[in-house]
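Below is one structure, written out as structure tokens, with a few remarks after it.
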Amino acid sequence: MPPKKIALISDAWDPQVNGVVTTFKNIIPLLNKKGFDVEVLHPEMFSNFSYPWYKEIKFSYNTKNVTNDFFTKYDPDIIHLITEGPVGFAGKKISFQKNLKVTSSFHTRFPDYSNDFLFLELLHIQSLKDFICIQ
């Protein structure tokens, strides 16, 4: 039987150094040893820009085509949303469109943090999700 393919979808990945990235960088080799094939859909695969106050964080946009291509080429058996930012929203949307089951985990209270930043507070989250997934 071929190995199960796991798609990890995250808005946090290299070159970021944080708990999310460190945790999953340690989990992936363990999954590989158990026979799973793991690929990560991450911000560096998309058009993105850095937050002015936090250069390590990439805000991805125009996510639709790259996400579609990733799912078509990799054809994952298991989808796990590590974060539900722009990349996570795109992965979740494609998963639902393809009727795939998705798991997710909660690592950061990003919506709470975003209220501290004026320009994000002015954006309604649904509008942001629609913009990210339509592009």
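Per residue of the range 93-101, what does 6.51 cos²θ - 1.76 cosθ + 1.60 with θ = phi - 60° give for ³J(HN,Hα)? Whole Hz please, x for Gly and Pro, Karplus curve as stated.
4, 5, 4, 5, 4, 8, 6, 9, 7
Can you pull out the trypsin sites (Lys or Arg not before Pro) in the range 52-102 that DSSP calls coil and that have at most 11 other Cβ atoms within 10 Å?
Passing sites in the range 52-102 are Lys101.
Are there chymotrypsin sites (Phe, Trp or Tyr not before Pro) in the range 1-68 that DSSP marks as loop and that have at most 11 other Cβ atoms within 10 Å, and which are they?
Sparse-neighbourhood loop chymotrypsin sites (Phe, Trp or Tyr not before Pro): Trp53.
Along Cα→Cβ, 7 Å out, is where each label goes; now give me the distance between the ones at Asn32 and Asp77 in nm to one decimal.
1.8
Which pairs, out of Lys4/Lys34; Lys4/Lys58; Lys25/Lys73; Lys33/Lys98; Lys34/Lys64; Lys58/Lys98, put more than 20 Å between their alpha-carbon atoms?
Checking Cα-Cα distances, Lys4/Lys58; Lys25/Lys73; Lys33/Lys98; Lys34/Lys64; Lys58/Lys98 exceed 20 Å.
Using the Karplus curve 6.51 cos²θ - 1.76 cosθ + 1.60 with θ = phi - 60°, work out ³J(HN,Hα) for each residue of the range 60-66 in order, rounded to whole Hz, and write x for Gly and Pro.
Per residue, the Karplus-derived 3J(HN,Hα) values read 8, 9, 6, 8, 4, 5, 4 Hz.
Looking at the range 1-54 from every direction and averaging, what is the projected area of its Cα convex hull in nm²?
4.3
Mind listing the long-range amide H neighbours of Ser47? Cut-off is under 5 Å, sequence gap 5 or more, other chains count too, H placed in the peptide plane at 1.01 Å from N.
Sorted by chain and number, the residues that satisfy this are Tyr61.
So how far apart, in nm, are the two label points at Gln97 and Asn68 if each is 7 Å from Cα heading toward Cβ?
Output for this residue pair reads 0.6 nm.
Sequence-distant or interchain residues sharing an amide H contact under 5 Å with Ile79, placed H: which?
Under 5 Å from the amide H of Ile79 lie the amide H atoms of Ala7, Thr103, each far enough along the sequence or on another chain.
Values quoted throughout were computed directly from the atomic coordinates according to the rules given, and no laboratory measurement underlies them. As the structure is a computational prediction, the values presented were derived from the model and not from experiment. Using ideal geometry, Cβ is built from the backbone for each residue, glycine included, and neighbour counts are taken over all protein chains shown.
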